[in-house]
């Protein structure tokens, strides 16, 4: 079997990456060792930047209709004050409570619409690459299969066979603490608030299920490989909050730890990593799935450009250069949050750790501090290093979804990104010129849109032209008013990001 890109792993990261590649016309195949999709949901939410990403592709409505929005999120379970997403600069200032199984189902639906094939029951056994492609040996339902592709992307989780086969190191810290999670068909919801006040995470799921996540001081050193019984779960709930919350009929019981690891590189030749295959950590802040989705948004268009043959030199290398520092920030940040969870549960540190948490709660009550941490957790403040010297301050930041008027009428920036291409926005003070200039091919590398800005944002004051990447980040911006200088800067930016001097 031959394909242009083989993705190993049909979780949210792998499915979104497949959608991005298919949108760009790449022949992509996804395989997963599971014969059926997950029935249990390890992750339960989408953060604002993930919702923005869905908005860029016209999918936000599907996701919002399937979940429930909440105005903020936790920074370390031991802190009482929550992060306030409503203060953030976005059209989606909230977290979306949406079980991972629903996220996967919605992305799988979109993948099918784009013609992506997902093969189940296939496990990666070997990966061997040469100068022209990669051969992946798979163990499938009908026996061994060899898939030849131009690139292979491992989205196959923390125990990634692709990462191991590629010889990519996965350094980090070992497990020192565990917690238990359970989904129950029966629970006394009158106890929910009491449980939350004692640090138990309680969430109502679909199909009448209720999830509890408990950290029992007596059991936090229990290895994550040890099975969880219903009686242990009840005992831990009674220990932590004085009641077992009437739990019964468990549908899923599991134990998880705080192992934290980050791949040494996100790319080795024609093999790349994304999602949990590249980074794992304790799920405080609910950043794991969301970070993986942003990996996919960053990688998709760059890998598509490389496969299609128009990527300028070094474009694919920017995937590691941009996302590895983000992975480092997430893994170190979750280690800090985990420490705030662990120390109050440890007898020798209980009281001083409680005092530290009180101090941090006070700091979270300060608007600037809360917005800073909310920006980090939500990924709205993620900014990539500029590729050109003397870059405008906008460069590398996420492009705000501002209101525009074009020749086609009113709209907004993210609506221009639906087809996954770069967009060169030229801002005019007067009436806009024709909205989209002609291109020789529907797969043109970028399209040019002339528009009038309908906002009063100070960070965009004087901006004359901006090149927006398919992942919604600013590749280049300028405030020059000199026509010749503007044309030269624009041509240079297009050469760096598309390999051509014209859109």
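The values are calculated or read from the model by the stated rules, or taken from the named source; none is laboratory data. Please read these numbers as outputs of a predicted model, since none were measured by experiment. Cβ placement follows ideal geometry from the backbone for every residue including glycine, while neighbour counts extend to all protein chains displayed.
Wholly within region 236-289, which strands (runs of 3 or more DSSP E) include no fewer than the required count, namely at least 1 residues that are more than 23 Å from residue 99 (Cβ to Cβ) and modelled with pLDDT under 95? So that I can check it myself, show each step before the final result.
Working: elements: 248-257, 260-262, 271-273.
Correct list: empty, since no element meets the threshold.
If I ask for residues that are touching a helix residue (DSSP H, G or I) at 6+ places or on another chain (Cβ under 9 Å) and assigned to a loop (DSSP other than H, G, I, E, B), which ones from region 193-221 would you list?
Those that are touching a helix residue (DSSP H, G or I) at 6+ places or on another chain (Cβ under 9 Å) and assigned to a loop (DSSP other than H, G, I, E, B): 198, 199, 200, 215, 216, 217, 218, 219, 220.
How many residues, within region 67-81, are closer than 14 Å to residue 47 by Cα and surrounded by fewer than 16 Cβ atoms within 10 Å (Cβ to Cβ)?
So the answer is 3.
Go through 352, 389, 393, 344 for me and flag whichever is over 25 Å from residue 239 (Cα atoms), outside the structural domain of residue 494 (by TED's automatic domain parsing) and more than 27 Å from the chain's Cα centre (by Cα).
Values: 352 fails: over 25 Å from residue 239 (Cα atoms); 393 fails: more than 27 Å from the chain's Cα centre (by Cα); 344 fails: over 25 Å from residue 239 (Cα atoms).
Result: 389 is the single residue among 352, 389, 393, 344 that is over 25 Å from residue 239 (Cα atoms), outside the structural domain of residue 494 (by TED's automatic domain parsing) and more than 27 Å from the chain's Cα centre (by Cα).
Name the residue that is modelled with the lowest pLDDT, counting only residues in region 45-72 that are more than 23 Å from residue 371 (Cα to Cα) and not in a helix (DSSP H, G or I).
67
Considering only region 30-47, I want to know if a residue exists there that is within 17 Å of the chain's Cα centre (by Cα), free of Cβ contacts under 8 Å to residues at least 24 places away in the same chain and surrounded by 21 or more Cβ atoms within 10 Å (Cβ to Cβ).
No: zero hits.
Go through region 178-192 and give me each residue that's under 16 Å from residue 239 (Cβ atoms) and touching a helix residue (DSSP H, G or I) at 6+ places or on another chain (Cβ under 7 Å).
Hits for region 178-192 are 180, 182.
Every residue in region 355-373 that is without any contact (Cβ under 8 Å) to a residue 12 or more places away in the chain and either assigned by TED's automatic domain parsing to the domain that holds residue 290 or crowded, with 18+ Cβ neighbours inside 10 Å (or both), please.
Passing the criteria: none in range.
Is one or more of the residues making up region 374-389 surrounded by fewer than 16 Cβ atoms within 10 Å (Cβ to Cβ), touching a strand residue (DSSP E or B) at 6+ places or on another chain (Cβ under 9 Å), modelled with pLDDT of 95 or more and not in a loop (DSSP other than H, G, I, E, B)?
No.
Is it the case that residue 123 is closer than 30 Å to residue 255 by Cα and assigned by TED's automatic domain parsing to the domain that holds residue 150?
When the stated conditions are applied, residue 123 passes them.
Would you point out which residue out of 298, 290 is crowded, with 22+ Cβ neighbours inside 10 Å, in contact with a strand residue (DSSP E or B) (Cβ under 7 Å, 6 or more places away or on another chain) and under 23 Å from residue 49 (Cα atoms)?
290
Of these, 303, 316, which one is touching a strand residue (DSSP E or B) at 6+ places or on another chain (Cβ under 8 Å), under 26 Å from residue 24 (Cα atoms) and without any contact (Cβ under 8 Å) to a residue 60 or more places away in the chain? Talk me through it step by step, then tell me what you get.
On the way: 303 fails: without any contact (Cβ under 8 Å) to a residue 60 or more places away in the chain.
The match here is 316.
Would you mind telling me which numbered condition in (1) farther than 30 Å from residue 132 by Cα; (2) touching a residue at least 60 places away in the same chain (Cβ under 8 Å); (3) out of contact with any strand residue (DSSP E or B) (no Cβ under 7 Å at 6 or more places or on another chain) residue 268 fails?
That leaves (1) as the condition not met.
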